[in-house]
Amino acid sequence: MSTTYPSLSEAEARDAADPLRPWRERFVLPDGVIYLDGNSLGALPKATAALMRDVTERQWGEGLIRSWNDADWIGAPRRIGDKIADLIRAAPGEVMVCDSVTVNLYKLMLALLAARRDSAAGEGGTILTESGNFPTDLHVAAGVARQHGLTLDAAPRDQIAERIGPDTALIVLTHVHYKTGERFDMAGVQALADAHNVPLIWDLSHSVGAVPLDMGADAARFAVGCGYKYLNGGPGAPGFLYVAAEALEFLGSPIQGWMGHAAPFAMTDDYAPAEGIERFLAGTPPMLSLLALEGGVDLMLEADERARWNKAQALFDFLTLLMAARCPDLVPITPQQAELRGSHASFAHLHAWPINRALIEAGVIGDYRTPDVLRLGLTPLYLGFADIWLAVDRLAAIMEDGRWQRPEYTILNKVT
Ligand SMILES: *Cc1c(COP(=O)(O)O)cnc(C)c1O
């Protein structure tokens with residue numbers, strides 16, 4: 001066990017030299033809290049708080065229904081979609097902001113299976129995903145398989161490549177794993193799927209706003225992603241759906257809602273899908289949530305992606321070093337190499353649950369994931385090196401004095 005590690009003043013010196021340091025002032029962060037859970041619910045941008053006042057008081061309050069046009073509410077799903085397209089290096093018109101990740105995944109899966117039925121490939125086959133994937137991805141895939149006469153194959157990560165075969169109808173993978181932080185080689189896996197001519201949907205929930213993404217360069221054609229994690233879109237922010245332009249030609253939404261109609265306000269009896277990505281809208285967009293998300297997306301676009309990812313790596317390395325020196329009983333399970341992971345660091349400990357409870361009590365908010373994982377999210381815009389130093393210092397104290405063994409922390413009375 002190493003006993004020398006950087007001091008708090010060294011951490012403070014790194015913060016003073018950090019070009020992203022001023023960004024911290026752009027977020028509302030409660031005093032006395034070190035927030036390491038921006039991967040689960042991003043912090044509130046100050047600009048969003050002001051924006052929401054305008055949206056409620058002026059746009060809704062004064063403008064009433066006129067704001068659908070005057071404030072361009074009607075254009076918001078596509079407008080914000082185009083901004084997210086910029087973040088993930090897709091083209092304008094390839095991303096729509098709507099619904100939850102869960103619903104978007106379902107829509108895309110059904111759209112792709114319908115296209116397959118219309119092709120020579122026909123019916124049946126296997127939906128391939130990763131065992132231990134995020135629950136909603138597994139549940140939706142299992143439901144789709146059951147409802148449409150396919151088989152679900154949830155394979156361990158190291159067997160995914162060999163399971164792709166003539167029988168594979170569809171692949172659904174989460175780019176950055178929500179628990180371990182492991183990241184798939186997007187270009188590599190996409191090339192494999194393409195070689196077998198199998199559509200692949202990427203879930204970008206733990207990637208967008210966290211790691212550099214390039215849909216075009218990686219030839220990824222289908223994806224869904226989350227608005228309330230690294231995009232700081234607010235609790236329950238809408239998710240998004242990405243379909244590459246070439247694939248838009250042959251995909252229809254399984255939910256033929258009026259908002260996805262070619263002319264919603266023609267109010268016709270017959271359905272005709274909108275020309276572009278708009279066809280994936282179903283019902284009326286949740287305007288308040290949507291506009292709050294726009295505040296977060298604008299901030300992400302303003303902050304340089306390379307600088308964000310460089311700092312996220314530096315924070316990760318700093319955390320790793322301190323944890324090894326001061327909390328050696330917590331075993332790192334996230335790959336160290338930057339290309340192989342996302343922007344959180346996870347540690348295994350049999351008692352991760354009460355340890356996390358005690359840590360929250362000590363003012364450090366990370367989270368616990370079953371069965372034994374303490375997960376610490378690293379968001380470079382509003383976290384600094386001193387935050388990491390203090391978080392590890394408090395965790396080390398909890399491990400040393402055994403405080404986590406107190407009944408108030410060990411009694412399972414809350415789901416977090
Ligand atoms: C957070 C997350 C989701 C969230 O889905 P919702 O429908 O927005 O609740 C989905 N997939 C993954 C991989 C996630 O990490």
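The values are calculated or read from the model by the stated rules, or taken from the named source; none is laboratory data. Everything numeric in this text was worked out from a predicted model, so none of it was measured. Using ideal geometry, Cβ is built from the backbone for each residue, glycine included, and neighbour counts are taken over all protein chains shown. When the accessible area is computed, the model is the full protein with side chains, heavy atoms only, and any ligands, DNA or RNA have been set aside. Shrake-Rupley method; radii C 1.70, N 1.55, O 1.52, S 1.80 Å.
Inspect the stretch 306-315 for any residue being open to solvent by less than 10 Å² (accessible area, probe 1.4 Å) and assigned to a helix (DSSP H, G or I) and give the result as yes or no. Scanning the stretch 306-315 turns up at least one residue that is open to solvent by less than 10 Å² (accessible area, probe 1.4 Å) and assigned to a helix (DSSP H, G or I).
Only one of the numbered conditions (1) outside the structural domain of Glu361 (by TED's automatic domain parsing); (2) more than 17 Å from Pro235 (Cα to Cα); (3) not hydrophobic (A, V, I, L, M, F, W, C) is violated by Pro22, and that is (1). The single condition among (1) under 30 Å from Pro19 (Cβ atoms); (2) assigned by TED's automatic domain parsing to the domain that holds Leu383 that Asp329 does not meet is (1).
Among the residues of the stretch 76-134, those that are open to solvent by less than 40 Å² (accessible area, probe 1.4 Å) and within 18 Å of Gly295 (Cα to Cα) comprise Ala76, Pro77, Ile80, Gly81, Ile84, Ala85, Leu87, Ile88, Val95, Met96, Val97, Cys98. Inspect all residues belonging to the stretch 234-253 and state whether any of them is more than 15 Å from the ligand (Cβ to nearest atom), in a loop (DSSP other than H, G, I, E, B) and surrounded by fewer than 16 Cβ atoms within 10 Å (Cβ to Cβ). Within the stretch 234-253, one or more residues are more than 15 Å from the ligand (Cβ to nearest atom), in a loop (DSSP other than H, G, I, E, B) and surrounded by fewer than 16 Cβ atoms within 10 Å (Cβ to Cβ). Could you list, in sequence order, the residues of the stretch 265-304 that are within 21 Å of Gln59 (Cα to Cα) and of a type in the set (A, V, I, L, M, F, W, C)? Those that are within 21 Å of Gln59 (Cα to Cα) and of a type in the set (A, V, I, L, M, F, W, C): Met287, Leu288, Leu290, Leu291, Ala292, Leu293, Val297.
Residues considered: Leu150, Leu173. Of these, the only one that is within 16 Å of the ligand (Cβ to nearest atom), touching an Asp or Glu at 6+ places or on another chain (Cβ under 9 Å) and in contact (Cβ under 8 Å) with a residue 24 or more places away in the chain is Leu173. Given the criteria within 16 Å of the ligand (Cβ to nearest atom), among the charged types (D, E, K, R), closer than 20 Å to Gly209 by Cβ and at pLDDT 95 or above, does Asp86 qualify? Spelling it out, it is not the case that Asp86 is within 16 Å of the ligand (Cβ to nearest atom), among the charged types (D, E, K, R), closer than 20 Å to Gly209 by Cβ and at pLDDT 95 or above.
Pick from the stretch 319-335 the residues that are out of contact with any helix residue (DSSP H, G or I) (no Cβ under 7 Å at 6 or more places or on another chain) and in a loop (DSSP other than H, G, I, E, B): which of them is least open to solvent (accessible area, probe 1.4 Å)? Selected residue: Thr334.
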